[in-house]
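A short write-up of the structure that comes next.
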Amino acid sequence: MHIHQLSVSHDDRQDRLLLRLNTQDSQEFRFWLTRRMVTRLLPAIGDSLVKLEAIQPGVAAADANSQRILTEFKREAFLQNADFTTPYTSDPGLCPLGSEPLLVTDAQLSLQPNGSLQVVFQEKNGDSVQSCHLNLQAPLVHGLIHLVHQTIAKADWGLTDAVLLDSSSPGLLSDTRPVPYKH
């Protein structure tokens, strides 16, 4: 799956974030992210991004502070060149997960040997489990984080950057093991 576009919006009625991914072959994947899931997942994605940037070829940032500074530089460079003005194409040819968004109740993150971050979103409903695996390169993770932060500000959820960037919460990614996040 080659992701073409990302969109994050807030649904007032549901009071959830709607994450939509468009692929180059006209598929769309839709996910509901609750406030609780966002407050648990976003710090872990940010922490994973720091580690992802640190393992890129040609990078020499040994300590955690240097890695965070490097990630901030890369984020700034990405934001300067990113296209946030092109409207999201919302006419998918196919919705593999169905027309209703997947309500993310669990998520797992793991760094991949190819230099990507694998994100597995799952909806567990009784005995039924539906999931989607996404492999995101660092620039796409920067974009996702940026869009989520923008949307949270508009949603007026009262979340501060301190809450969303707190990497001291239990269960954060260490090395390459998947980390589960339950809703």
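Annotations for the structure displayed:
- Positive-end extreme of charge dipole, the range 15-141 - chosen from Pro96, Met37, Leu21 (charges on Cβ): Met37
- Inter-label distance, nm, simple model (7 Å from Cα along the C-beta direction), Glu76/Ser9: 3.3 nm
- Table column - 3J(HN,Hα) (Hz), the range 19-30, Karplus curve with 6.51, -1.76, 1.60, x for Gly and Pro: 9, 10, 10, 10, 9, 5, 9, 6, 9, 10, 10, 10
- Solvent exposure of His2, expressed as accessible area, is near 130 Å², computed with a probe of 1.4 Å over the protein chains only.
- Solvent-accessible ranking of Lys51, Lys154, largest area first, probe 1.4 Å: Lys154, Lys51
- With all protein chains modelled, accessible area of Phe73 [1.4 Å, Å²]: 140 Å²
- Proximal charge balance of Ser7 [Cβ under 10 Å; K/R count +1, D/E count -1]: +1
- Separation of the Asn114 and Ile69 label points, Cα + 7 Å toward Cβ, nm: 3.3 nm
- Amide hydrogen neighbours beyond the local backbone of Leu103, cut-off 5 Å, H modeled: Trp32
- Heavy-atom accessible area with a 1.4 Å probe sorts Asp11, Asp25, largest first, into Asp25, Asp11.
- With the whole protein complex present, Ile145 retains an accessible surface near 20 Å², based on a 1.4 Å probe.
The values are calculated or read from the model by the stated rules, or taken from the named source; none is laboratory data. Just so it is clear, the model here is predicted, and its values are computed rather than measured. Positions of Cβ are backbone-derived with ideal geometry, glycine not excepted, and every protein chain shown enters the neighbour counts. Ligands, DNA and RNA are stripped out before the accessible areas are found, and what is left, the full protein with its side chains, is counted by its heavy atoms. Shrake-Rupley method; radii C 1.70, N 1.55, O 1.52, S 1.80 Å.
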